[in-house]
Amino acid sequence: MANLDFLKEEIALLKKEERFIEPAILQSEQGPVCQINGKEVVNLTSNNYLCLASHPKIKEAAIEATKKYGIGTAAVRTIIGTTSLHEILEKRLAEFKGTQASIVIQSGFTSNTAVCQSLMTSPQDVLISDELNHASIIDGARLSKAKRKIYRHSDMAHLKEILENDEDVKNARRKMLVTDGVFSMDGDIANLPEIVELCKKHNVITMVDDAHASGVIGPQGRGTVAYYNLKGQVDIQIGTLSKAFATIGGYAAGSFELKQYLQSVARPFLFSSSHPPAVIASCIAGLDVIYNEPERLKRLWENTNFFKEELKKAGFDTGNSKTPITPVMVGDEKKAKELSKMLFEEGVFALAIVFPTVPRGKARIRTIVTSDHTQENLQKAVNAFVKCGKKLGII
Ligand SMILES: *Cc1c(COP(=O)(O)O)cnc(C)c1O
């Protein structure tokens, strides 16, 4: 036991640096109002954008799939873990994304690591990445053999400079640019039209991670490529089944060859088992709901606009968000955590995001509204923000 004694010191350090985490406990179904740590609260933290987590038709689909196919496949996809349902979902996701094919991978996180690692295999390759990209892209870059080039957040002039002048880029065997479609901590949208144009000019593969965009932006929630009308111009679209789809999983959408290649070499696909039928059936049913109940997306955006405007009117800095992710800027780490605690007392659940998830001194409360928050829920949240924000001198 003594071998692990150093953990006590490490934990003390985490506590001192305000980085110690103890997850809240969800004691009800995921939804706009739920029971958390023994209290009923308005929930502004989940990625359950369209409230599919509790949709009766999707629950039914999960139950039916379990009855027909059992609880799991007890195998990796490449052995006997690919059911008819997996095949259907991959076709449906390709249609959703406007691509030839798609491949479902364990999670959004592993989709990013799988693609980066599988395509960037030599020190003569270069992976170009936005500085605010998700941790899974950073890890994907680390697992690849490529040299890494980081450009300042959405700074197209900096990207251009790297593409035109960097010696490694100029001499590269393969070049790939990776960006979040919607940035997960700020809610802003990548400048895909310019990125695509620059990458075309310099023969760079483009990869967009639409974790927070799928189901959320563009017509029918098809994501950033559809939002910018760039069908056929982005090589790889990553999506997650764990946010708007509210289950678990990720996928890469692109050409037939991309799918064929990844299913032969992508390590998470080869060495980690497949999703249970209930999960896959939930995603197929989720796509049906997205198409058949467009009012969900409409309500999501009405709620987003209402909530953002009310916070702005009250004097809060909500950053550069263009999506349902609205950061409420605080700055100081301790103050952000204090605000989160006070909001909970007022019946509103919204968490502080601090270093290292965001840079030091850029602590914030990150909020996400969903389609099923009522006007009353959101007004209650705004009132709590105003009351607590004033007490802490934020507004
Ligand atoms: C959440 C997120 C992921 C990870 O997706 P999971 O399916 O939860 O593993 C990847 N990329 C981005 C940009 C994300 O926001």
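The values are calculated or read from the model by the stated rules, or taken from the named source; none is laboratory data. Computed from a predicted structure; not experimentally measured. Heads up, the Cβs are rebuilt from the backbone with ideal geometry, glycines too, and the neighbour counts pull from every protein chain shown. Just the protein is used for accessible areas: all its heavy atoms, side chains included, with ligands, DNA and RNA removed. Shrake-Rupley method; radii C 1.70, N 1.55, O 1.52, S 1.80 Å.
General remarks:
- Average Cα contact separation per residue, region 1-46, under 8 Å, 6 or more apart, as relative contact order %: 20
- Considering only 268, 327, 381, the residue lying farthest towards the positive end of the dipole of the chain is 268, judged by Cα position with unit charges set on Cβ.
- Between residue 390 and residue 261, the C-beta separation translates, for a Förster distance of 45 Å, into a calculated FRET efficiency of about 0.20.
- Cβ-defined net charge surrounding residue 327, 13 Å radius [Lys, Arg +1; Asp, Glu -1]: +3
- Gained length - residue 160 relative to residue 84, 0.36 nm times residue gap less alpha-carbon distance: 22.9 nm
- For region 56-292, the dipole from Cβ point charges (+1 on Lys and Arg, -1 on Asp and Glu) about the Cα centre works out to 660 debye, to the nearest 20.
- Loop chymotrypsin sites (Phe, Trp or Tyr not before Pro), region 1-104 (other Cβ atoms within 10 Å of the site Cβ: 16 or fewer; DSSP): 20
- Mean-position separation - Cα centroids, region 206-266 and region 1-67, in angstrom: 25
- With 0.36 nm allotted per residue and the present C-alpha distance subtracted, the residue 145-residue 171 stretch has 7.8 nm of extension available.
- Among 279, 348, 382, the largest mean-square fluctuation in a Gaussian network model of the chain, built with springs joining Cα atoms closer than 10 Å, belongs to 382.
- For the chain, the per residue solvent-accessible surface stands at 46 Å², with DNA, RNA and ligands left out and a 1.4 Å probe.
- Residue 229-residue 5 FRET efficiency (beta carbon distance; Förster radius 41 Å; 0.05 resolution): 0.10
- Between residue 341 and residue 24, the contour length at 0.36 nm per residue exceeds the alpha carbon distance by 112.9 nm.
- Taking GluC sites (Glu not before Pro) across region 243-317, none is in a DSSP loop with at most 11 further Cβ atoms lying within 10 angstrom of its Cβ.
- Normalised by the number of residues in region 135-213, the average gap of Cα pairs under 8 Å and 6 or more apart makes the relative contact order 28 percent.
- Separation in nanometres of the label points that stand 7 Å from Cα toward Cβ, at residue 17 and residue 122: 3.8
- Sites residue 64 and residue 201 - FRET efficiency at Förster radius 45 Å, r taken between beta-carbons, to 0.05: 0.35
- Per-residue ³J(HN,Hα) for region 105-114, Karplus 6.51 cos²θ - 1.76 cosθ + 1.60, θ = phi - 60°, Hz, x for Gly and Pro: 10, 3, 7, x, 4, 6, 4, 5, 5, 4
- Summing +1 for each Lys or Arg and -1 for each Asp or Glu among the other residues whose beta-carbon sits under 10 angstrom from that of residue 358 gives +2.
- Spin-label pair residue 301/residue 152, simplified geometry with 7 Å Cα→Cβ offset, distance in nm: 3.2
- For residue 126, neighbours were defined as the other residues whose beta-carbon sits under 13 Å from its Cβ, and their charges (Lys and Arg +1, Asp and Glu -1) total +4.
- Accessible area of region 56-292 belonging to carbon and sulfur atoms, whole % at 1.4 Å probe: 53
- Inter-label distance, nm, simple model (7 Å from Cα along the C-beta direction), residue 74/residue 293: 3.5
- Relative contact order %, the chain, counting alpha carbon pairs below 8 Å whose residues are six or more apart: 22
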